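Asker: Here it is, the structure, as structure tokens.
The values are calculated or read from the model by the stated rules, or taken from the named source; none is laboratory data. This one's a predicted model, so the numbers in the text were calculated from it and none came from an experiment. With ideal geometry, Cβ positions are generated from the backbone for all residues, glycine too; neighbour counts draw on all protein chains shown. To get the accessible areas, we keep the full protein, side chains included, count just its heavy atoms, and leave off ligands, DNA and RNA. Shrake-Rupley method; radii C 1.70, N 1.55, O 1.52, S 1.80 Å.
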Amino acid sequence: MAGARIVIVGGGFAGFHAARRLSKLARGAGEVTLINPTDYFLYLPLLPQVTGGLLDANRVAVSLPTTLPKVRLILGDAHHVDLDGRRVEYVDPDGRAGDVAYDRVVIAAGSVNKLLPIPGIADHAHGFRGIPEALYLREHLTRQVEMAEETDDPEERAARLTFVVVGAGYTGTEVLAHGQVLTESIIKSRPRLRGETSRWYLLDTADRVLPGLDPRLSETTDRVLRRRGVRLRLRTSITEAMADGVHMSDGTRLATKTLIWCVGVRPDPFVESLGLPTDKGRLVVDEYLTVPGHPELYGIGDAAAVPDLTRPGEITAMTAQHAERQGKLAAGNIAASFGAGKLRAYRHHDLGFTVDLAGGAAAANPLRIPLSGLPAAGVTAGYHLLALPKNRASVAAEWVIGAFMPRQPVQLGLVRAAAVPLNTDTPDLPVQSR
């Protein structure tokens, strides 16, 4: 790999782990460059705990310069790849254009919120893809409870204490679980709200929560949420969103000031700019993670349509589990392309999932063994501590403190609504995380 120039676009799970392994394999013989709009890797699975006030945002943000000291970091958004000239063009945070040459390039641009053509969604809903959204949502939930306490209008109070999450997948379910625990803890600390409770709704067009996961995980999650009073509206979606409420497909209207959009993700629009074949918006690659006809070009994570060799004819799901493993494999295959090591096809069997339901509750199926209650919570916590590249001790410490100390809900005004638009395709609006 002597003299090799390797450029990675995107520092999410796929890009981060590709860069990390490549820096070890190169051993200084080649240059590894990572282009990312932030100087941190976001450990997305713990982001709901930031909204819930259980973790500080710094705990889920892993410094790229510190963790990847041998990797050159370019802060910026990549917007074009010159396939003939082998250069990646980008724009830095100050709006200045730049470019970097490559011998191998890895497309790991990740994903963005998936929007649907529903009136009012882009104007009145907020997604959940990065730290700004998590901080905004925490302050928004706190503000709604505080304003509910101040009003003497029962209708306004009910609307402010009503929260709607659309999308009962992994993210939506965990955001709801932590959001509900937060709002209930605030309500209990407010004398004027004595006897009140928050009303959380979880909507999905599927017939069960966590539709993409093991049915046993769905059953456990369904049971926990219903026991807490969550209103599950399955086979239901939003038909219109307004500033003061939502219309649902079952004909009912809910008065609310909070609409959280977690219906899923789609590949970053950067993939389309490549002008190469795509499958469901994801860059077409072979089982070795290379683009057909372009052996110097690799695609991994949410940005790539990687063949699932364990399920012929399908492509791998857009999960952190796949992204991390594809990043590591891409690094090995890039090294092999320079004569160091053996080329390998991507083949990964599902090792199970964990779902954090807050308040000491969880659902998990490690190695397809269904767990609930404290065993599931223990497995979930252990998995995250092992998967975190850094900050393990501080995360564990905050968990211990959070188990004995009440949460301190305050509004610091760090993130305004305009800074976290649901639609991040607008050129003038920065994408906060990938």
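Asker: From the list GLY402, GLY332, GLY413, GLY341, pick out the single residue that is in contact (Cβ under 8 Å) with a residue 60 or more places away in the chain, assigned to a loop (DSSP other than H, G, I, E, B), surrounded by 14 or more Cβ atoms within 10 Å (Cβ to Cβ) and not hydroxyl-bearing (Ser, Thr, Tyr).
Answerer: Just a single option satisfies the conditions, and that option is GLY341.
Asker: Working only within region 194-217, note down all residues that are open to solvent by less than 40 Å² (accessible area, probe 1.4 Å) and within 19 Å of GLY359 (Cβ to Cβ).
Answerer: Answer for region 194-217, where residues must be open to solvent by less than 40 Å² (accessible area, probe 1.4 Å) and within 19 Å of GLY359 (Cβ to Cβ): SER198, TRP200, TYR201, LEU202, VAL209, LEU210, LEU217.
Asker: With the requirement that a residue be among the hydrophobic types (A, V, I, L, M, F, W, C) and in contact with a strand residue (DSSP E or B) (Cβ under 6 Å, 6 or more places away or on another chain), what does region 208-233 give you?
Answerer: Selection gives LEU217, VAL230, LEU232.
Asker: Let me ask another. Taking only pairs six or more apart or across chains, which ones have beta-carbon atoms under 9 Å, a first residue in region 60-82 that is surrounded by fewer than 18 Cβ atoms within 10 Å (Cβ to Cβ), and a second residue that is of a type in the set (Phe, Trp, Tyr) and not in a strand (DSSP E or B)?
Answerer: Taking only residues 6 or more apart or on different chains, the pairs are THR67/PHE16; HIS79/PHE270; HIS80/PHE270.
Asker: While we're looking at this one, here's another question. Scan region 88-115 for residues that are under 23 Å from LEU44 (Cα atoms), open to solvent by 60 Å² or more (accessible area, probe 1.4 Å) and not basic (Lys, Arg) and jot them down.
Answerer: Scanning region 88-115 gives a single hit, PRO93.
Asker: Can you name the strands (runs of 3 or more DSSP E) wholly within region 1-58 that have at least 3 residues being of a type outside the set (Ser, Thr, Tyr)?
Answerer: Of the strands (runs of 3 or more DSSP E) lying wholly inside region 1-58, those with at least 3 residues that are of a type outside the set (Ser, Thr, Tyr) span 5-9, 31-36.
Asker: Quick one: which of ILE74, ILE118, ILE107 is more than 16 Å from ILE8 (Cβ to Cβ) and of a type in the set (Val, Ile, Thr)?
Answerer: Only one candidate qualifies: ILE118.
Asker: A follow-up question, please. What is the one condition in (1) over 20 Å from the mean Cα position of the chain (by Cα); (2) at positive phi that GLY110 does not satisfy?
Answerer: (1)
Asker: Of all residues in region 223-242, which are under 22 Å from the mean Cα position of the chain (by Cα) and open to solvent by 20 Å² or more (accessible area, probe 1.4 Å)?
Answerer: Hit for region 223-242 is SER237, nothing else.
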